[in-house]
Amino acid sequence: MKTLVSKILIVVSVPLLFVLWFHHHKVIDGDYTKLTIKMPNEGVAVIDEKERIEEIINAINQGPRNFGAEKPWYNHELASLIFENESGDSKALHYITENQNIKIRFGEIETDLVFGKEDFQESENVSATVSEEVQEKVILEHGTVETYNINGQTFEIIPYHQPYLDFMEELEATKGDREKLFSARVVKPFSKEIYGYEYYGEGDSFYIPPVNTDILREMIVQLDDQYEEISSFIKEGLADSTALLTGSEKVRIYLQPHSPDFNYLEMGGVVAFAADKDVMVLQIDPRKYTERSIKQTIAHEFHHVVTMEVSDWSYRKQHLLDRVIMEGKADTFGKLVYEDYDVAWIEPLNPEATNKVWSFVTENMDSYDMETVTKLHMGRPSSGIPKWSNYRIGFRIMEDFLEGNPDVTLEEWTEMRADEILELSGFGVGD
């Protein structure tokens, strides 16, 4: 009886403690003496008045907080608030321009912080100073295609950094619309290059117009300097992956800079996606990537492109279950390539979360609405769905599948449809 009571207390107290922490912890804590405001299409303003900075910090820390949001963060126009102390340490927050809220991990903070045009007009000299410091013409050493053959398959490694520099150069010269210029210089040309049409990527979370362009420029310079190392890690990842599985398509691997406005430290400084059976894209933060994060990412994305090639993926629409199993397969392959494959996004769900996520999947498994995928990927704490649930439940289903079907080969399950994988896994039956 005591054990049961203890378990009940734990179940009740943990969510309660989380709610208390969410509503009362200090989002920004420290003695900051400088605040840089980078607003889309408005330029840069710097506040160094201590009293005003403390007033802004208090407004953020004391503002009402809401779980979740009306729409995903990547559909908002975001500005950056960068707080710095005298030691040079900094803390950046994302400010939603349309409602003056601050975006935080599990939701938003309501504030009435308004930064008017006068702030930016008064800081034209600051903006000019920043521009002078970072706007020296960047000449890239690595901009050509590198062709690589391994285990009978051909790969092209393609640095795709110059369009970002072109975007920044035009933005700085014309003070034009940031979103339109980014679309014209980066998103549409890239879409045309990989698909043959220009409308891919509009509104995609991978292609949010960057605000911190000074940092972006520095990142591109670093990526160019570190190209040889990055390329060697990619080749090692391809060698390890193609030793177990190969396709026949020539695969183009595009290298792009990671967004300077977001911190994906849990991703090891690398975010990626397979755009088609012959295209994968790596967006890399030169300050945070590791050999391990690049090679593990290559294994994951390589399985995606092979799956797209050998299965019927490219010939029909994909519903939620297809996308869940697709991620589960890729992480299972990553685990076969690297025994120490231990990425953050496949951390096991606890039993309660498993039930919540599985209930959501069963209710929506035939849905073609990408919003369902977004809910699983981004998480919805108010509904008991943790972030990355599409990866975590997909990996769990694949674990059950392999345990119950040890004679099915890697090539066979790579090609198998999601509904067949689920049925043979036995996952959810009798739960």
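For this structure, a couple of remarks:
- In segment 280-291 there is at least one residue matching the filter, namely being part of a loop (DSSP other than H, G, I, E, B), among the hydroxyl-bearing types (S, T, Y) and under 18 Å from R217 (Cα atoms).
- Residues located in segment 228-253, provided they are in contact with a Leu (Cβ under 8 Å, 6 or more places away or on another chain) and buried (at least 20 other Cβ atoms within 10 Å of the Cβ): I230, I234, L245, I253
- D400 vs. criteria acidic (D, E), surrounded by 14 or more Cβ atoms within 10 Å (Cβ to Cβ) and either closer than 17 Å to A344 by Cα or out of contact with any strand residue (DSSP E or B) (no Cβ under 9 Å at 6 or more places or on another chain) (or both): yes
- Flag for F155 being outside any helix (DSSP H, G or I) and surrounded by 19 or more Cβ atoms within 10 Å (Cβ to Cβ): yes
- Scoring V221 on the criteria (1) over 28 Å from K335 (Cβ atoms); (2) of a type in the set (V, I, T); (3) in a loop (DSSP other than H, G, I, E, B); (4) at pLDDT 90 or above leaves a single failure, condition (3).
- Only residues that are of a type in the set (A, V, I, L, M, F, W, C) and surrounded by fewer than 15 Cβ atoms within 10 Å (Cβ to Cβ) were counted in segment 159-197, giving 1.
- Hey, F333 within 16 Å of W413 (Cβ to Cβ) and of a type in the set (F, W, Y) or not: yes
- Test result for T332, among the polar types (S, T, N, Q) and either farther than 27 Å from H258 by Cβ or surrounded by fewer than 20 Cβ atoms within 10 Å (Cβ to Cβ) (or both): no
The values are calculated or read from the model by the stated rules, or taken from the named source; none is laboratory data. Just so you know, these numbers come straight off a predicted model, no measurement behind them. Cβ sites come from the backbone with ideal geometry, for glycine too, and all protein chains shown count toward neighbours.
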